[in-house]
Amino acid sequence: IALPVAAVQEIDVDVCVYAGTSGGVIAAVQAARMGKSVALVALNNHLGGMTTSGLGWTDIGHADNDSGDYIQGVSREFYTRIGQKYGQATKFTFEPHVAETVFNDMIQEARVKVYRNQYLVSVTKQGPQIVAATMNNGNIFRAKMFIDASYEGDLMAKAGVTYTIGR
């Protein structure tokens, strides 16, 4: 029995965020809130990267009951929503599944379209600008702006951006 093959899609958006890490989710949410059409490409089936995979302690110093008041913006909103899930104020320690629930809520509320289980195989550039990214399943994302939120810098590496390893 032959399995059906999913049709390849061409997705045109204002902003394509590559990788569903914490930074990727927050960037996608903020871009959508600014009125941009956004595609968030997640490498697996989960959003939030290390934050939803076991790193549930935010390094804010934690000395002398540090309040973390210097963390603001959408990041602060995330931690406030975490606290609400526990019936508390802003909270910087949490269980991974709670963090993923908050990220998924934020994505859904902002109406960001998420494309899961896809990874980058190539980019297309016009001059120095990335204009398209092709994924392993053949999907092509075309955008005015690309954000590389991967931990490894995969999108930038495929685009030939120079980099230095080490200090």
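The values are calculated or read from the model by the stated rules, or taken from the named source; none is laboratory data. Owing to the predicted nature of the structure, the values given are computational and were not obtained by experimental measurement. For neighbour counting, all protein chains shown are included, and Cβ atoms are generated from backbone atoms with ideal geometry for every residue, glycine included. With ligands, DNA and RNA removed, areas are computed over all heavy atoms of the protein, side chains included. Shrake-Rupley method; radii C 1.70, N 1.55, O 1.52, S 1.80 Å.
In the chain, what % of DSSP beta bridges are antiparallel (nearest 5)? Beta bridges within the chain, antiparallel portion: roughly 40 percent. The mean sequence distance of close C-alpha pairs (under 8 Å, at least 6 residues apart), as a share of the length of region 68-161, puts its relative contact order at 15 percent. Taking amide H as placed 1.01 Å from N in the peptide plane, Arg116 has its amide H under 5 Å from the amide H of Ala42, each at least 5 places away in sequence or on another chain. With every protein chain in place and a 1.4 angstrom probe, the accessible-area ranking of Met156, Met106, largest first, reads Met156, Met106. Rolled with a 1.4 Å probe across the full set of protein chains, the surface gives Asp14 an accessible area near 40 Å². Proximity of backbone amide H atoms, modeled 1.01 Å from N, is registered between Ile11 and Ile140, Phe141, Arg142 at under 5 Å, excluding neighbours fewer than 5 places apart on the same chain.
Between Ile82, Ile60, Ile147, where does the largest GNM mean-square fluctuation fall for the chain, given springs only between Cα atoms within less than 10 Å? Maximum among the listed residues: Ile60. Only helical runs count toward this figure. For the chain, summing -39,500 (n - 2.57) over DSSP H runs of n ≥ 4 and dividing by all residues gives -8000 deg cm²/dmol at 222 nm.
Spacing of the modelled spin labels on Glu95 and Thr80, each 7 Å from Cα toward Cβ, amounts to 2.5 nm. Taking each residue as 0.36 nm, the span from Asn104 to Asp12 lengthens on full extension beyond its C-alpha to C-alpha distance by 30.9 nm. Choose one answer from Gln30, Gln88, Gln108: the residue with the largest mean-square fluctuation in a GNM of the chain with alpha-carbon springs under 10 Å. In the Gaussian network model the winner is Gln88. Using θ = phi - 60° in the Karplus curve 6.51 cos²θ - 1.76 cosθ + 1.60, the 3J(HN,Hα) couplings for region 47-60 round to 9, x, x, 5, 5, 9, 10, x, 8, x, 10, 8, 7, 10 Hz; x is entered for Gly and Pro. Within the listed set Thr52, Thr21, Thr80, the residue fluctuating most in the Gaussian network model of the chain (springs between alpha-carbon atoms under 10 angstrom) is Thr80.
For the chain, the per residue solvent-accessible surface stands at 58 Å², with DNA, RNA and ligands left out and a 1.4 Å probe. Which listed residue (Val38, Gly48, Phe103) has the Cα farthest towards the positive end of the charge dipole for region 32-103, taking +1 on Lys and Arg C-beta and -1 on Asp and Glu C-beta about the Cα centre? After comparing all options, I get Val38. Backbone phi angles across region 110-121, fed through the Karplus curve with coefficients 6.51, -1.76 and 1.60 (θ = phi - 60°), yield HN-Hα couplings of 7, 6, 7, 7, 10, 10, 9, 6, 9, 9, 6, 10 Hz in residue order; Gly and Pro are listed as x.
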